[in-house]
Structures are given as C-alpha cells and as structure tokens.
Amino acid sequence: NMSVVQSRNFFGQVQNYEVPSAGSGIIVSEDNDYLYIATNNHVVSQSNTLTIQFIDSKSVAAEIKGTDASTDLAVVQVKKSDIDKDTLDAIKVATLGNSDVKVGSRAIAIGNALGYGQSVTVGYISAVEREVTIQDDTTGESYTNDLIQTDAAINPGNSGGALLNASGEVIGINSSKYSDTTVEGMGFAIPSNLAKQVIEDLITKEEVSEDKAAYLGIYGENVTSQIAEAYNMPEGIFVKEVIKGSAADQYGIKAGDIITKFDGKEVQTMKTLQSRLAYYEGGTEVEVVLQRASESGYQEMTLSVVLGKKNS
C-alpha cells in the first residue's frame with residue numbers, strides 16, 4: 001500500500017510524500033474476471049496504489065472493491081488476466097468456516113508479519129465475543145465489535161490475515177493487537193460469521209444512483225459505549241425524530257427507539273446506516289431491529305420496512 005502524506009517543512013511549505021505500508025489478505029472469492037481478497041479497512045483505506053504479492057512472490061496491481069469501516073473490513077480485486085498461470089496454479093480460494101468456536105481450541109494465524117512475507121503463528125482461542133473498540137483513522141469515528149481473542153502472535157503486518165482452525169478453515173480475520181509492555185498474547189480477529197455477510201455485500205452490491213437511492217426518514221444520534229454505560233442504554237442509533245410520511249413513520253419506528261441492526265447487520269452510527277443505505281434502492285424491503293424503552297427496560301423489536309426513495 002502506497003499512501004500520500006502531507007507535512008510542512010521548516011519554512012511552512014506543504015510537501016507531499018509517499019509512505020509504504022504492508023498488510024495481509026485472504027482470497028475469499030473469484031469469478032471469470034477477478035479474484036477477490038478480503039483484508040482490513042485500515043490496511044487500504046488511505047491507499048494511493050495497491051499491490052498484491054502472492055505466495056510465489058509474484059506481484060500484481062489491485063484496486064479497492066469496497067470497504068466497511070464499521071467492521072474494519074475491505075475487499076480488493078485483482079484482474080485474473082494480470083496473473084500468470086503458474087501463480088494461479090499456486091493459489092486457491094480459502095474456505096470460510098464457522099466462527100462459533102470454543103475457548104481453548106487451536107488457532108493458527110497466517111500473515112505478512114512486519115512485511116517480511118508469509119509467516120505462521122500458533123496458539124489458542126483465549127476468549128470469544130470480546131468487545132473491542134477501534135477508531136477509523138480517516139473519519140475519527142469509533143466502532144465497537146465482538147471479536148475473537150487469541151494468544152497466537154499477531155504482529156504489525158498481520159492485519160487482514162487469516163485466523164484458522166485445526167482444519168484449515170478461516171474462522172476470523174486478524175484485525176488488532178493489544179500492545180503494551182506489560183501485556184502479551186492478546187490478539188483479536190473479526191469472526192468469520194460476521195465477515196462473510198459483509199464480504200458478500202462488498203463483492204456483490206453496487207452503490208445505486210442518486211435518483212434511485214433509498215431513504216429511511218430519521219434524525220439520529222449515536223449511542224456510544226460510553227453513553228450506553230452511563231445511561232444504561234443499548235448501543236446503536238438513538239432516533240431523535242421521525243420524519244412524517246417517511247418509511248420509518250409508516251412502518252412503526254418511533255422517536256426514542258434505538259436502532260441496532262439494519263438488514264441483518266449491526267449499525268452503531270448514523271454514518272454507518274447512511275453508507276449501508278447507499279446500496280439499496282427505494283422500494284426495497286428490509287428488517288430493522290431496534291430497542292424500545294418500556295417499564296421493564298428496553299425490549300427488542302424487529303420491523304419489516306419498505307424503504308422510501310431519497311428524492312421523492
């Protein structure tokens with residue numbers, strides 16, 4: 001990954017210079033024209049140019065297919081016509097397994113540690129459903145996801161690489177490491193059951209044109225983990241106002257509700273919801289999961305909503 005960074009010199013002049021970085025990826029799908037490689041959003045989000053190096057050390061140019069900052073996932077695509085036959089014979093599409101794993105089971109991490117090339121580390125599943133908050137370097141927004149914790153060594157450059165079970169199936173995508181002089185063996189991976197849904201959308205869905213774009217019809221505020229803890233609320237999007245006559249109004253979303261899922265995927269910020277809506281046309285029916293306050297606390301509800309059109 002080559003990205004452009006700006007800095008000011010001693011005289012106050014702005015200078016641009018390229019900075020290289022390296023990460024890892026997993027071949028997750030292919031069609032007649034492209035190979036699709038999953039990685040982390042933070043590996044590619046600020047890229048100027050991307051190059052993929054395969055197991056035989058052959059390199060080809062790549063481009064971003066899609067990104068999802070809320071889960072720190074991205075998909076890049078490589079033209080098959082750019083890959084020679086020997087390389088195609090040396091690689092294959094990975095098998096995405098079930099990430100409902102047990103603590104204590106074997107974990108194998110594969111990645112481009114420190115940019116030296118492919119390496120393997122081995123450990124165990126230390127914990128599951130660990131709440132980990134990451135910050136998007138581009139927007140500054142923070143996102144919290146339930147990740148797999150492992151003591152298999154996760155080093156810089158491993159981001160986007162595979163966490164495997166003993167059968168060689170991908171159960172997670174290595175994402176982050178807790179780094180401190182007093183801490184060892186705390187690496188985290190995005191569970192494959194979550195990653196599958198996001199990756200499929202990034203590969204198959206295209207942003208729709210402005211005249212067909214979907215519209216839900218709410219004004220919302222983000223309920224962060226800090227706010228949720230302070231006020232005993234679920235994390236998600238707090239609905240401040242429902243626009244009269246909108247899809248949200250017609251299908252039962254109310255002010256005070258907290259939206260937690262949209263079409264089967266977790267949403268924790270308005271920005272995430274808006275980015276998801278960009279892939280839907282008006283008239284599409286989706287399920288919206290929300291939490292509604294009651295005398296006994298918040299109750300989960302699932303509503304079927306036919307989205308309106310943004311420009312209608």
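Residues of region 1-57 that are in contact with a Phe, Trp or Tyr (Cβ under 9 Å, 6 or more places away or on another chain) and at pLDDT below 80: Val4, Val5, Gln6, Ser7. Of all the numbered requirements in (1) among the aliphatic types (A, V, I, L, M); (2) outside any strand (DSSP E or B); (3) under 24 Å from Gly187 (Cα atoms), Leu88 misses one, and that requirement is (3). If you check Asp82, Asp86, Asp68, Asp100 for being surrounded by fewer than 18 Cβ atoms within 10 Å (Cβ to Cβ) and under 18 Å from Lys196 (Cβ atoms), only one passes: Asp100.
Anything in region 148-169 that is outside any loop (DSSP other than H, G, I, E, B) and out of contact with any Pro (no Cβ under 7 Å at 6 or more places or on another chain)? List them, or say none. Gln149, Thr150, Ala162, Leu163, Leu164, listed by residue number.
For Gly157, the criteria (1) under 20 Å from Glu266 (Cβ atoms); (2) in contact (Cβ under 8 Å) with a residue 40 or more places away in the chain hold in every case but one, which is (1). Cβ-Cβ distances below 7 Å connect the following pairs, each with a first residue in region 19-31 that is of a type outside the set (A, V, I, L, M), a second residue that is open to solvent by 50 Å² or more (accessible area, probe 1.4 Å), and a separation of six or more residues or different chains: Pro20/Met2. Checking each residue in region 103-121 for being closer than 28 Å to Gln197 by Cβ and open to solvent by 80 Å² or more (accessible area, probe 1.4 Å) picks out Val103, Arg106, Gln118, Val120. When the residues of region 193-228 are filtered to those that are farther than 19 Å from Thr144 by Cβ, hydroxyl-bearing (Ser, Thr, Tyr) and in contact with a strand residue (DSSP E or B) (Cβ under 6 Å, 6 or more places away or on another chain), the one that is most open to solvent (accessible area, probe 1.4 Å) is Tyr219.
Could you tell me whether region 276-286 includes any residue that is farther than 30 Å from Ala38 by Cα and open to solvent by 20 Å² or more (accessible area, probe 1.4 Å)? Yes: region 276-286 contains one or more residues that are farther than 30 Å from Ala38 by Cα and open to solvent by 20 Å² or more (accessible area, probe 1.4 Å).
The values are calculated or read from the model by the stated rules, or taken from the named source; none is laboratory data. This structure is a prediction, so every number in the text was calculated from the model and none was measured. Every residue, glycine as well, gets a Cβ built from its backbone with ideal geometry; the counts of neighbours run over all protein chains shown. Ligands, DNA and RNA are excluded from the accessible area calculation, which covers all protein heavy atoms including side chains. Shrake-Rupley method; radii C 1.70, N 1.55, O 1.52, S 1.80 Å.
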